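Here it is, the structure, as structure tokens.
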Amino acid sequence: MDGMRLMKLLNRFVFVLVMLFVVNSSGVHAIALGTAPGVRDMGDVVRGQDLPVEFYLTSNTNKPLIVTTAYIPVHMDMYKTEKRTYYTFIPSESSQEDISSWISFPENPLLVSPGKQKVIRMPDGTSIKYNQKVTVILKIPKDAEPGYHAGAINLNPVIQSEDGSGTSVSTIGITRFVFVFKIPGPAVREGNIIDFVAERNSDKKVQVDVLFKNTGTTTITASPDKIKIFDNYGVVKDNIAAGQIKRIAPGRTEIISGYWYDDTGIDAGNYRAEATINYITGMATKESIIHVPAEITIPDVEIPKTKNETPWWFILIIMALIGLYVYWKMD
């Protein structure tokens, strides 16, 4: 066998090995894992009560799945839209207090078997086929805030292989289960800006601290919607539209910071400022004079850059492409 033919066979052998490695090394499978119902309305609940929250898992895979469940907060969009059709959730009467400690799982993880499919009739009269029932225990504390509450359950599936080991799953169409409930009492979402001050971080950066008080009866999240800085002529010097998001309990006052940048430098002196704080279901606005000091009062902390590592899957794709290129060139 001549050298050229040997080299061609060797390259083909390497190409096959690379492709097998790419296909098999990740051990990732795509499945669909859903929940029924997608949202469960628990209605009015009583403080000090333990409630079972039940939902059902449906899967399209023909292999057993081990599904780990965990509590996660609902998306912020939940508090932006009122719902009264399939379930009732009124954001203006809601609480954003942390309920993670209220949740427990009697069984976790769970086995989702394709051979154990059952049928259940839902409260709306529809029938669904499911593979596993999930029960979550919701323990309402005696000091729970009034109003509507919402939470979600995340699903982390792993395919059970024949030797008992787990294989990771890349899911498509995975559904997070959401549950809502209401605790009796007047639920008020309100807040006021008490004051705001300026702290210099550098020659070109000023930190504007807004003191915001939750004057309502439920926990809220608040962030700067905008902080306008004016010069002596009433011209807007900057319009700060981003900043920290703070979770604030009733009666508490927190500092919510925004940052004023100017590449040409920020002069010391007095500036008229107008701050607006957004707590999703409402706004609070206040105008005042802030004093920007000449000296640095809070040094700017430089965040160390993380090492930019190349993902392993990207390296595998490059290897596969190189192998394919060599295969075509030597053919």
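For residue 169, only one of the following conditions fails: (1) in contact with a Pro (Cβ under 7 Å, 6 or more places away or on another chain); (2) over 28 Å from residue 298 (Cβ atoms); (3) part of a strand (DSSP E or B); (4) modelled with pLDDT of 90 or more. What is its number?
(4)
Further question: Please enumerate the residues belonging to segment 176-209 that are of a type in the set (D, E, K, R) and either part of a strand (DSSP E or B) or more than 30 Å from residue 36 (Cβ to Cβ) (or both).
Residues satisfying the conditions are 182, 189, 190, 195, 199, 200, 203, 204, 205, 209.
Now, a different point. What pairs come up if the first residue lies in segment 56-85 and is in the same structural domain as residue 112 (by TED's automatic domain parsing) and within 24 Å of residue 128 (Cα to Cα), the second is among the aromatic types (Phe, Trp, Tyr) and assigned to a loop (DSSP other than H, G, I, E, B), and their beta carbons are under 8 Å apart, counting only those six or more places apart or on different chains?
These pairs meet every condition: 69/105.
Answer yes or no as to whether residue 48 is modelled with pLDDT of 95 or more and loosely packed, with under 14 Cβ neighbours inside 10 Å.
So residue 48 fits the description; yes.
Additional query: Tally the residues that are assigned to a loop (DSSP other than H, G, I, E, B) and under 25 Å from residue 192 (Cβ atoms), restricting the search to segment 235-283.
Applying the first criterion (assigned to a loop (DSSP other than H, G, I, E, B)) to segment 235-283 yields 235, 241-242, 244-245, 249-252, 262-268, 279-282.
Adding the requirement that they be under 25 Å from residue 192 (Cβ atoms) leaves 241-242, 244-245, 249-252, 279-282.
The qualifying residues number 12.
For (1) in the same structural domain as residue 103 (by TED's automatic domain parsing); (2) more than 30 Å from residue 261 (Cβ to Cβ); (3) at pLDDT 90 or above; (4) not in a strand (DSSP E or B), each residue gets a yes or a no:
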{"site": "125", "(1), (2), (3), (4)": "yes, yes, no, yes"}
{"site": "136", "(1), (2), (3), (4)": "yes, yes, yes, no"}
{"site": "143", "(1), (2), (3), (4)": "yes, yes, yes, yes"}
{"site": "151", "(1), (2), (3), (4)": "yes, yes, yes, no"}
{"site": "162", "(1), (2), (3), (4)": "yes, yes, no, yes"}
{"site": "174", "(1), (2), (3), (4)": "yes, yes, no, yes"}
{"site": "211", "(1), (2), (3), (4)": "no, no, yes, no"}
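The values are calculated or read from the model by the stated rules, or taken from the named source; none is laboratory data. Given the structure is predicted, the values throughout are model-derived calculations rather than measurements. All Cβ positions, glycine included, derive from the backbone under ideal geometry; neighbour counts span all protein chains shown.
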